[in-house]
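The values are calculated or read from the model by the stated rules, or taken from the named source; none is laboratory data. Owing to the predicted nature of the structure, the values given are computational and were not obtained by experimental measurement. Reconstructed Cβ throughout: ideal geometry from the backbone, glycine too, with neighbour counts over all protein chains shown.
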Amino acid sequence: MHRYFQLWVTLGVFDQCWAILLERYDELVGIGWEWLSADGTMLKAPLGGDACGPNPTDRGKSGSKRHPLVDERGAPLALELDGANRPDMRMLKPTLEAIVVDRPKPTEEYPQNVCLDKGYDYPDCDRTVAGFEFIAHTRRKGEIVVPKSEPTYPARRWVVERTHSWYNRFRKIMTRYEKKACNYLGLVDFASALIVYRIIYRLSTTARPNRVLG
């Protein structure tokens, strides 16, 4: 069975499943390109391997970090993996480059925004986002927190945090035991496809369990 899994990873089967479901999601519901969000999250990798590094939040133990980009409903559009010691800002460009479906060109009428936390508060990140024709909404270091009593714009960055939680519900990928980064990414790609499937089924009035792809 592991031999078949390795073959599917090599052929990109899980990545293709994710892309196909995103295309179906776009047809039935519409990918929410207007407000995207990205963030990294730590995970333990006790066996080490590719794309691992000392986790600064876990006494330097071996760990990895997932970096997803999600749409306004939390559907994952891209995901990259690196060592736990790799700063989020270093992974922004690879993550934006890794979108698995064709992205429509932003226009004045339909701009595309990316919400980021303080870990991306660097000039390089601002240039990267601008280079991809996104509008950055980055929480700045030292920024005064607006009191809850005052009216503000709707919170949007939390959507990626919810997607992190969805990923963690798949116990197989909550802790990384695969030494090969490609094997772990194959599992995460499959989880991404399932997340998109569930969003389609929840939001589309025409989708049925056996008709989401048909």
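Within the stretch 12-54, being more than 28 Å from Phe134 (Cα to Cα) and of a type in the set (D, E, K, R) holds for Lys44, Asp50. Each residue in the stretch 35-57 was checked for being in a loop (DSSP other than H, G, I, E, B), within 21 Å of His164 (Cβ to Cβ) and not hydrophobic (A, V, I, L, M, F, W, C), and 6 pass. Which residues, counting only those in the stretch 93-125, are in contact with a His (Cβ under 8 Å, 6 or more places away or on another chain) and touching a residue at least 40 places away in the same chain (Cβ under 8 Å)? Within the stretch 93-125, Thr95, Asn113, Val114, Cys115, Leu116 meet the criteria.
Listed by position, the strands (runs of 3 or more DSSP E) enclosed by the stretch 58-154 that each have at least 3 residues that are at pLDDT 95 or above and under 25 Å from Ala191 (Cα atoms) are 62-70, 76-83, 113-116. Picking from residues in the stretch 104-120 that are under 17 Å from Thr41 (Cα atoms) and not hydrophobic (A, V, I, L, M, F, W, C), the one that is surrounded by the most Cβ atoms within 10 Å (Cβ to Cβ) is Tyr120. With respect to Val101, determine if the residue is buried (at least 18 other Cβ atoms within 10 Å of the Cβ), β-branched (Val, Ile, Thr) and either in contact with a strand residue (DSSP E or B) (Cβ under 6 Å, 6 or more places away or on another chain) or over 20 Å from Asn168 (Cβ atoms) (or both). So Val101 fails the test. Just give me the residues in the stretch 155-178 being of a type in the set (S, T, N, Q) and surrounded by 14 or more Cβ atoms within 10 Å (Cβ to Cβ), in sequence order. Once the filter is applied, which keeps residues that are of a type in the set (S, T, N, Q) and surrounded by 14 or more Cβ atoms within 10 Å (Cβ to Cβ), the stretch 155-178 yields Thr163, Asn168, Thr175. Considering only the stretch 162-185, I want to know if a residue exists there that is among the β-branched types (Val, Ile, Thr), at pLDDT 90 or above and closer than 19 Å to Glu72 by Cβ. Within the stretch 162-185, one or more residues are among the β-branched types (Val, Ile, Thr), at pLDDT 90 or above and closer than 19 Å to Glu72 by Cβ. Within the stretch 1-29, the set of residues being over 25 Å from Arg103 (Cβ atoms) and either polar (S, T, N, Q) or surrounded by fewer than 14 Cβ atoms within 10 Å (Cβ to Cβ) (or both) comprises Met1, His2, Arg3, Tyr4, Gln6, Leu7, Thr10.
Pairing each residue of the stretch 164-180 that is closer than 18 Å to Trp18 by Cβ with any residue that is aromatic (Phe, Trp, Tyr), provided the two are 6+ apart or on different chains, yields C-beta distances under 6 Å for Glu178/Tyr184.
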